[in-house]
1. Just the ratio, please: alpha-carbon radius of gyration of the protein assembly as shown over 2.2 N^0.38 Å, N its number of residues.
2. Rounded to the nearest 0.05, what FRET efficiency do A:ALA361 and A:ARG234 have when you use their Cβ-Cβ distance and R0 = 41 Å?
3. What does the structure give for B:113-125 when I average, per residue, the other chain Cβ atoms found within 10 Å of the residue Cβ?
4. Using only DSSP helix segments of four residues or longer, with each worth -39500 (n - 2.57), what per-residue ellipticity at 222 nm results for chain B after dividing by its residue count and rounding to 500?
5. Considering only DSSP beta bridges with both partners in the stretch A:251-385, what is the antiparallel share in %, to the nearest 5?
6. Taking the Cα centre of the protein assembly as shown as origin, work out the dipole magnitude from +1 charges on Lys and Arg Cβ and -1 charges on Asp and Glu Cβ, in debye rounded to 20.
7. List the aspartates and glutamates whose Cα lies under 16 Å from the Cα of A:LYS224, skipping any in the same chain that are fewer than 8 positions away.
8. Can you give the angle from 0 to 90° between the axis of helix A:32-43 and the longest principal axis of chain A, with both taken from C-alpha atoms, to the nearest 10?
Amino acid sequence: MLRQVEGSKAVADTVAMCRPQVICAYPISPQTHIVEGLSALVKSESLRNCEFINVESEFAAMSVAIGASATGARTYTATASQGLLFMVEAVYNASGLGLPIVMTVANRAIGAPINIWNDHSDSMSQRDSGWIQLYAETNQEAADLHVQAFRIAEELSLPIMVCMDGFILTHAYERVDVPEQEQVDAYLPAYTPRQVLDPLNPVSIGAMVGPDAFTEVKYISHMKNLSALDVIPRAASQFQEIFGRSSGGLIRGYKLDGAQTVVIALGSVLGTIKDVVDEMVAADIPIGVLGIIAFRPFPTEAVRSALSKAKRVIVIEKAFQVGIGGIVIENVRASLRGSHIADYTLIAGLGGRPITKQSLATYLDRACKDAVDELTFLDLDQSLADSEIAREAGR
Amino acid sequence: MSSTPIKFYQVGSFAIGNRLLPADDRSIQSDPSRTNALNSGHRACQGCGEALGARYALDAAMRATNEQIIAVNATGCLEVFSTPYPESSWRIPWLHSLFGNAPAVATGVAAALKAQGKSDIRVIAQGGDGATVDIGFGALSGMFERNDDVLYICYDNEAYMNTGVQRSGATPPAARTATTQAVGENPGNVFGQGKNLPRIAMAHEIPYVATATVADLRDLEAKVTKAMSFRGARYIHVLVPCPLGWGSQSCDTIKIARLATQSGLFPVFEAENGEVVASTPIRKRVDVEEYLKLQVRYSHLFAPTRRDDVINHLQSIADKNIARYNLLIDESESI
């Protein structure tokens, strides 16, 4: 049903239609509106047969999710930023145990300095956690990805983070075709756990594994994670059959035909990028956009194929690895191996700094002429930074 | 099982005592058809108090619930010695996640069971003192505060034994551990307030809190059985001597646990909704020295220089417990 709705509310209503049995949450901005919405749905019995647990920390939230999922319940939680970091030990545990938990990450910066606004440094820090990571471009996609996430997670018995930009998406009111219950029920089968705690058939879950088998366990989980590269597109095409719209998948190209320059990004910034690219294409600049929806597993082959005709790649990232540079670019380079495509990285939108069309247009215009550095921080106050660095050096 | 404490005055084994009792009153462990929740063949040390306590506690819980239990385990000796892949000693559904999250994982198990309409299956979380009073303390308090339907059992051996006997928040004053060495003017662990988890649990006003030791296994069985008759958060704190960490003889595990109670250092009691409702009187009071001298972790109190000041300080802790829990009432009155 088409609604003018807050992103968090659309996600909350959609998650409820997935009939989760255990939801646990700890408040952290900008994720709060999602679980507030779900708590009201449980309390009012709009969502039945569901336990909503208010926990005392994010570490407990993920731990409750682990216990619930291992007991065969469809389980959901949401977090962001410091909260995601606080639960990290349990995040790795959930993937190691192969529990199909779905978690929304309302992307937010990591401190210090403390900052509640959007960037991708929280979920990017968990790219090696063994979770599948999907990034939503719009609130419509955020809602749709949650439906797909439960199906993908349960088919693979792997946890999934659905990442949506904090505030930019979570708090934005826009038109969303919120799924209908009948559609969700037709798409999402009841959860059948692969292994479950059951007194009738007792199993030990979480045994200690030594050097004799640890490598094999890790290799198997790697292969299982990679198999999502087949499952994610299938889930998206089956979603389209039932819901009648394209949502999700591994990557999404925009004006790639004939594009010599391809701009790669994740999440809501793709909208701004497309607006700028539209104007550049109108000015006969051969440029296109490649949005990455599935960042883990990384769709190396799909990206390679999408970039096969490109001469130049620009990756716009909302996070970076201190001491090296971009994160996404490192992954994209795996797709570029053996080619001679120039690549540039633009770090933008850190801690919620607006990524304006004007700044992007200026940068992309220069980048298309190879007149930018390999690594650029968008709208950096260079003189302020330089004077501070000089002051520190002079101490 | 009878809830009246049964006293064995003979010095022989419980098996002898069991033969003197009606079948229904016998120890669960004397039943040849007992469940063996924690089966033999695991890798606990000889004389391990934790292995003994866990087996009795879980078998009692199984009997009390018609074998409908799921156990969650914190990281620690109990987890490591019972499940080296591909082996497992557990004959119950068992889940180990992390060191500091067993109470929250158990909450999740209980929530999933409730959502699935399977609340007849009960949940037990268990961990050592490190998992309970230190790293998992926040999760445990949260579970208590929400009054989740979980019985949490702490097997307290008073230090981090699995990692090599380092001090925990439950390590008693003056005890030598690998991180509170017997050197300097005040050797061993510092005297402080200690972290008394049974009292902290009581402060949450949860339905049931109890302490027990492996010296009185029938009492432990009875308390687990009673705990399973309640819904909501419940806590049992079991003193389990560790021969390796305490520097005691493997054959003395039961004896040392008994001396801990008979000296007053470890009070055995029950509390309901935040109030003490029963305590187990001391039958034959001993000085704390009797307890201390069997353990190498206290040997620096006796040689090379006898530290009466420290021993007296420990005695004062025992005396305070005896007064607080009324442990010296005349036994003839208590029956």
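1. Its radius of gyration relative to the 2.2 N^0.38 Å reference: 1.11.
2. The calculated FRET efficiency here is 0.65.
3. Mean partner-chain Cβ count within 10 Å for B:113-125: 4.
4. -9500 deg cm²/dmol, from helical runs alone.
5. 25
6. Using Cβ point charges on Lys, Arg, Asp and Glu, the protein assembly as shown gives about 1180 debye.
7. Cα-Cα hits under 16 Å: A:ASP128, A:GLU154, A:GLU155, A:GLU216.
8. 20
Rule-based calculations on the coordinates, nothing more; no lab input. Being a predicted model, the structure only gives us computed values, none of them experimental. Note: ideal-geometry Cβ built from the backbone for every residue, glycine included; neighbour counts use all protein chains shown.
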